[in-house]
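Asks: Below is one structure. I have some questions about it.
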Amino acid sequence: MRLDEIQIRDPFVLPHDGFYYLYGSTDPDIWRGPGIGFDVHVGTGLDDFGPAIPAFRPPADFWSHTNFWAPEVYSVCGSFFMFATFKPDAGRRGTAVLKADSPLGPFTPLGDAPVTPPGWECLDGTLFVDENGPWMVFCHEWQQVGDGQICAMPLTDDLSAAAGDPTLLFTASQAPWAAPLAGRAPGSYVTDGPNLRRLKEGTLAMLWSSFDSDGQYCLGVATSPSGALLGPWHQADQPLYGGDAGHGMIFETFDGWLYLAVHSPNDTPNERARFIALKDEAGQLSVRCGA
């Protein structure tokens, strides 16, 4: 299947053992549900992928039935861990952790609730590991706090639970390019889809998405020049990539090329995955000419 044939939001690519595994929010209507699950498409290149394979289907007693969003899959110590957002039947939306023996699944939830703080509206948790151990970096939603936040929370070594309190890294309004949502309460700024990458010279970069003054969905970059997850974080003046595209992640191909994965347009059911070639130079990310 070509990318233009696959309806998908929040695309995430796992290169593993010679194959590219493409995950994302794959329910036909992710907003109202009911939640069906998550599929994976497998390809040997970036132009053509196989048909949808069910990677997660909720068990009969699963604690959520809607808002199955943004799965990310990581290979850790021979197992595969999925970080994904769910809206519990009773409680706040947040990111849970699931586990499988294969990147194809089936993925099994490690608990009966999200790992993010139970009283917080959260989404889009991503994994980051440093010398202090594993962390979940996630969004504390604008719907609850107004000015959307990006936070970091330490995890237990088995990734199944929080190992400490969350720390605020930055808010959306700190980015010069981000604008408040039109038609919402004053000071309503979105944060979506954090994803981290250590750049070649040591800077820690974080992709995240919001809306600009034209109401377009955009992908920004924050950097921690010290390389520390807890910052301080500096925001780029302009988005890395715009044009109604966002919720990005970075992956490296088997031949060493760096790519950005985003969905565009930000409109259901028309969203599709797009792959854009990147450069990592002098502690900065940029789009390659012609990409």
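Nothing in this text is a laboratory measurement; each read-out follows from the coordinates by a stated rule. A quick note: this is a predicted structure, and the numbers were derived from the prediction, not measured. Note that we place each Cβ from the backbone using ideal geometry, even for glycine, and neighbour counts take in every protein chain shown.
Asks: Considering only Leu123, Leu260, Leu199, give the residue with the highest GNM mean-square fluctuation for the chain, with springs between Cα atoms whenever their separation is below 10 Å.
Replies: Leu199
Asks: Dipole of the stretch 3-287 (Lys/Arg Cβ +1, Asp/Glu Cβ -1, origin at the Cα centre): which of Pro106, Gly18, Gly256 lies farthest to the positive side?
Replies: Checking the options against the dipole of the stretch 3-287, the answer is Pro106.
Asks: So for His41, His234, fewest C-beta neighbours within 10 Å to most, what's the order?
Replies: Starting with the residue having the fewest Cβ neighbours, the order is His234, His41.
Asks: Taking 35 Å as R0, compute the FRET efficiency from the Cβ-Cβ separation of Arg184 and Asp89 and round it to 0.05.
Replies: 0.85
Asks: Then there is this: Select from the stretch 1-85 those chymotrypsin sites (Phe, Trp or Tyr not before Pro) which occupy a DSSP coil region and have at most 14 other Cβ atoms within 10 Å, ordered by residue number.
Replies: Passing both the DSSP loop test and the Cβ count: Trp31.
Asks: What is the fewest-to-most order of Thr108, Thr171 by other Cβ atoms lying within 10 Å of their Cβ?
Replies: By the 10 Å Cβ count, ascending: Thr108, Thr171.
Asks: Related question: Exactly which chymotrypsin sites (Phe, Trp or Tyr not before Pro) in the stretch 218-291 are in a DSSP loop and have at most 13 other Cβ atoms within 10 Å?
Replies: Phe254, Trp257
Asks: Same structure, new question: What percent does the relative contact order of the chain come to when contacts are Cα pairs within less than 8 Å and at least six residues apart?
Replies: Normalised by residue count, the contact order of the chain is 13 percent.
Asks: Separate question: Subtract the Cα-Cα distance of Gln144 and Gln216 from 0.36 nm times their separation in residues, and report this length gain in nm to one decimal.
Replies: Full extension of this stretch gives 23.7 nm more.
Asks: Sticking with this structure for a sec: Restricting the calculation to Cα positions, tell me the Rg (one decimal) and the Dmax (whole number) of the stretch 165-256 in Å.
Replies: 13.8, 47
Asks: Calculate, in nm to one decimal, what Gln238 and Trp31 gain on full extension: separation in residues at 0.36 nm each, minus their alpha carbon distance.
Replies: 71.6 nm
Asks: Here is a follow-up. Can you work out the base-10 log of I(q)/I(0) for the chain at q = 0.06, 0.09, 0.16 1/Å, using the Debye formula on its C-alpha atoms alone?
Replies: With one equal scatterer per Cα and no solvent, log10 I(q)/I(0) is -0.16, -0.38, -1.40.
Asks: Using Cβ contacts closer than 10 Å as the measure, can you line up Arg9, Arg184 from fewest to most?
Replies: The order, fewest Cβ neighbours first, is Arg184, Arg9.
Asks: Which of the lysines could be linked to Lys279 by a straight reach, that is with a Cα gap under 20 Å, when you skip same-chain ones fewer than 8 residues away?
Replies: Lys200
Asks: How much length is gained if the chain between Lys279 and Cys77 is pulled fully straight, taking 0.36 nm per residue apart and subtracting their Cα-Cα distance, in nm to one decimal?
Replies: Residue separation times 0.36 nm, minus the Cα-Cα distance, leaves 69.8 nm.
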